[in-house]
Amino acid sequence: MTPQIDDHLPLFAFGTLRRGHVNHHYLAGRYERVIAARLPDYAVVAPLMIDRSHGGSVPGELFFLRPGVYEAAMADCDELEGVTPRLSRYATYQRRRVTVLTDQGSFEAWAYVRPTTHYRFVTA
């Protein structure tokens, strides 16, 4: 199930949504500011996949999305990451509320992480 966008939390990006990466166009022009951040107690567990890991730390960028485009930007990112209601059964990621650390302090943010429910794909 797609989380409700009840708070306009910033988005923590560690992979292809970051500036200069292939999927940054989903965020380009839609944020007010971006700052370097790290996600504590998470680690990269596969290419472009993070999960909880005590003592780990994942570097990334924290995007503060513009209010007028917030919902559309998050919906587009949810679609990209496969966490829309239509795709949730086969989700590659889960959008989770996390706490990230920056030089400007800590922030609550959304992050796309390994889902708590894993599905196996069987091929014949």
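Here, each number is a calculation from the coordinates, and none is a lab measurement. Fair warning: this is a prediction, and the values are worked out from it, not measured in the lab. Cβ: placed from backbone, ideal geometry, glycine included. Neighbour counts: every protein chain shown.
For the reader, a short list of remarks on this structure follows.
- For the range 35-52, 3J(HN,Hα) computed residue by residue from phi via the Karplus equation (6.51, -1.76, 1.60; θ = phi - 60°) reads 9, 5, 8, 9, 9, x, 6, 10, 8, 6, 10, 6, x, 6, 9, 10, 8, 4 Hz, glycine and proline entered as x.
- Full extension of the segment from Arg19 to Glu32, taken as 0.36 nm per residue of separation minus the current Cα-Cα distance, would add 3.3 nm.
- By other beta-carbon atoms within 10 Å, ranking Tyr70, Tyr93 with the fewest at the front produces Tyr70, Tyr93.
- Extending 7 Å from the Cα toward the beta-carbon at both Asp51 and Asp103 defines two label points whose distance is 3.4 nm.
- As a calculated quantity, the FRET efficiency between Ala72 and Val44 at R0 = 35 Å, using C-beta atoms, amounts to about 0.75.
- Bins of 10 Å from zero: percent of alpha-carbon pairs in the range 11-113: 16, 50, 32, 3
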